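J.: This is the structure I have questions about; it appears just below.
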Amino acid sequence: MDTILEEAIVKKLVRYALDARKSAYAPYSHYNVGAALYTMDGKIIQGCNIENASYGATNCAERTAFFKAVSEGERRFCAIAIAGGPADGEPADYAYPCGICRQVMQEFAGGDFVVIVAKSECDYKIFCLKDLLPSGFGGGQLEL
Ligand code: THU
C-alpha cells in the first residue's frame, strides 16, 4: 500500500515498536509484543503486552498504546507499528493485530489509519485499517 508516511517515519515507528517489546510482561506466552502509536501532531506513544494469570485480563500492546495515549488527552492518530515474537529472540513473523485491537483502532481512527507490521526496520508491511477491518462496527450504528 502507498502511504503518506515518509519512509524515515515508518522506520522510526518500527524502531520504537521493537524497543517497546523490551517492556513486555509475558510470563505465560513468552511472546513479546511492542507497539508505537503515531499521533497526528507527531508524538509517539509506546505500548507492550501485559499478561495476567487470569489470561482474559491480558492487554495487547496495541491497546496499551491506545489507552495510554487517550488517557493523556490524545485523540487523533495516523499510524501504529507493531512487532511481536519470542521473548528470547527477534520477530520471525509479522504480528498482525488481533480482532479486539482492530476494533479499538476503529474507535479512535478512520479507515485510512496506517498499520505497520514489522519484523525489523528493513522488513515490514503496511496496511490501512479499512483493509484489516472491512465493514467494521462503529459508533455511527448506535445513532438510532
Ligand atoms: N498480543 C498482542 O499484544 N497484540 C495482538 O494483537 C495479539 C496478541 C499478545 C497478547 C498475549 O500477551 C500474547 O500476544 C499472546 O497472545
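The values are calculated or read from the model by the stated rules, or taken from the named source; none is laboratory data. Keep in mind that this is a model prediction, so the values were computed, not measured. In this analysis, Cβ positions are derived from the backbone assuming ideal geometry, glycine residues included, and neighbour counts consider all displayed protein chains. Accessible surface is based on the protein model in full, side chains and every heavy atom, while ligands, DNA and RNA are left aside. Shrake-Rupley method; radii C 1.70, N 1.55, O 1.52, S 1.80 Å.
J.: Would you pick out the residues in the range 23-62 that are part of a loop (DSSP other than H, G, I, E, B) and near the ligand (Cβ under 8 Å from one of its atoms)?
T.: Matches in the range 23-62: Ala24, Ala26, Tyr28, Ser29, Asn49, Glu51, Thr58, Cys60.
J.: Among the residues of the range 95-114, which ones are over 12 Å from Ala17 (Cα atoms) and crowded, with 20+ Cβ neighbours inside 10 Å?
T.: Pro97, Cys101, Met105, Ala109, Phe113, Val114
J.: Tally time: how many residues in the range 38-58 are surrounded by 18 or more Cβ atoms within 10 Å (Cβ to Cβ) and without any contact (Cβ under 8 Å) to a residue 40 or more places away in the chain?
T.: Just the residues of the range 38-58 that are surrounded by 18 or more Cβ atoms within 10 Å (Cβ to Cβ), to begin with: 38, 44-49, 51.
Within this subset, residues satisfying the condition of being without any contact (Cβ under 8 Å) to a residue 40 or more places away in the chain are 44-49, 51.
Here the count works out to 7.
J.: May I ask you to say which residue of Ala20, Ala92, Ala87 is hydrophobic (A, V, I, L, M, F, W, C), open to solvent by 50 Å² or more (accessible area, probe 1.4 Å) and within 14 Å of the ligand (Cβ to nearest atom)?
T.: Ala87
J.: Can you name every residue in the range 30-49 that is under 13 Å from the mean Cα position of the chain (by Cα) and among the aromatic types (Phe, Trp, Tyr)?
T.: Tyr38
J.: Restricting the search to the range 23-32, which residues are open to solvent by less than 60 Å² (accessible area, probe 1.4 Å) and of a type in the set (Phe, Trp, Tyr)?
T.: Passing the criteria: none in range.
J.: Would you call Glu6 open to solvent by 30 Å² or more (accessible area, probe 1.4 Å) and under 19 Å from Val114 (Cβ atoms)? I'd like the intermediate steps shown before the answer.
T.: Numbers: open to solvent by 30 Å² or more (accessible area, probe 1.4 Å): yes; under 19 Å from Val114 (Cβ atoms): yes.
Criteria met by Glu6.
J.: Now for a separate question. Does at least one position in the range 90-112 carry a residue that is assigned to a helix (DSSP H, G or I) and among the polar types (S, T, N, Q)?
T.: First pass over the range 90-112, keeping only residues assigned to a helix (DSSP H, G or I): 99-108.
Filter again for among the polar types (S, T, N, Q), leaving 103, 106.
Yes, the range 90-112 has at least one match.
J.: Of these, Ile126, Ile116, which one is more than 15 Å from the ligand (Cβ to nearest atom), within 14 Å of Val14 (Cβ to Cβ) and of a type in the set (A, V, I, L, M, F, W, C)? Spell out how you get there, then give the answer.
T.: Working: Ile116 fails: more than 15 Å from the ligand (Cβ to nearest atom).
It is Ile126.
J.: Give all pairs with beta carbons closer than 9 Å in which a residue from the range 19-34 that is under 18 Å from Pro97 (Cβ atoms) meets a residue that is of a type in the set (Phe, Trp, Tyr) and within 7 Å of the ligand (Cβ to nearest atom); count only pairs at least 6 apart in sequence or on separate chains.
T.: From the range 19-34, the pairs are Ala24/Tyr31.
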